[in-house]
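Here the structure is laid out as structure tokens; the discussion comes afterwards.
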Amino acid sequence: MGWTCAAGLPILTLVAFRDRLVETIRAAGPILETEGVLVVGSEVPNLLEPGAAATLIVSQDLDVGVPVDRHAAVKQRLGDLRAFEPSAEEPSVWTPRSPGLLELNFVGMDPAQDPAEAYVLEDDRLPLLVFGALSLVVAGARIDVEGTRLSLLAPRVGWPDPRPWRAELAALMRRLETGDSGLP
């Protein structure tokens, strides 16, 4: 019997997902290096619930938050995304050319937007659904993950603080990668 996480997913699936996520972030580097652009995940609705507990949801995409004032700069860099191509069905989604990557979903961030509201930024090449809740997301301290720089959110009043769990999660990932269940 294989090990599963709280969400019922096989642990090896999580390790494989982590690898795909890191590779996707690396491949999306030309966009993510644009000032103000952030990886915002796939849990936009949870941002509306400040007191909600953190959940582990494995999705098959990477949500990229584009500040509306940086939209033009991001559009100029789209040609640098060699590992992705625009989706025929949804112009704000870029699909991977390799099965080892996740798709990119571009969403808008507008600090002037009411957190409870959303609007569409119309554009022929990169339209964005601008979520007001993303106005609450700001870059935090940068970390390095396998040569890829990420920013972790700083704690917010009334939200769960992930800092105490980061060391335990890192230790768990090391044990999973080596096949050590931690059981006697």
Within the stretch 108-126, which residues are in contact with a Gly (Cβ under 9 Å, 6 or more places away or on another chain), in a loop (DSSP other than H, G, I, E, B) and touching a residue at least 24 places away in the same chain (Cβ under 8 Å)? Asp110, Pro115, Ala116
What do you reckon, is Ala53 modelled with pLDDT of 90 or more, small (Gly, Ala, Ser) and exposed (fewer than 14 other Cβ atoms within 10 Å of the Cβ)? no
Which residue is surrounded by the fewest Cβ atoms within 10 Å (Cβ to Cβ), if the candidates are limited to the stretch 86-104 and must be touching a Phe, Trp or Tyr at 6+ places or on another chain (Cβ under 8 Å) and in contact (Cβ under 8 Å) with a residue 60 or more places away in the chain? Leu101
From the set of residues in the stretch 1-39 that are part of a loop (DSSP other than H, G, I, E, B) and at pLDDT below 85, which is farthest from Asp61 (Cα to Cα)? Met1
Residue in the stretch 93-108 that is within 16 Å of Val137 (Cβ to Cβ), touching a Leu at 6+ places or on another chain (Cβ under 6 Å) and not hydrophobic (A, V, I, L, M, F, W, C) present: yes
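The values are calculated or read from the model by the stated rules, or taken from the named source; none is laboratory data. Keep in mind it's a predicted model, so treat the numbers as computed, not measured. Cβ coordinates were reconstructed from backbone atoms using ideal geometry, including for glycine residues, and neighbour counts include every protein chain displayed.
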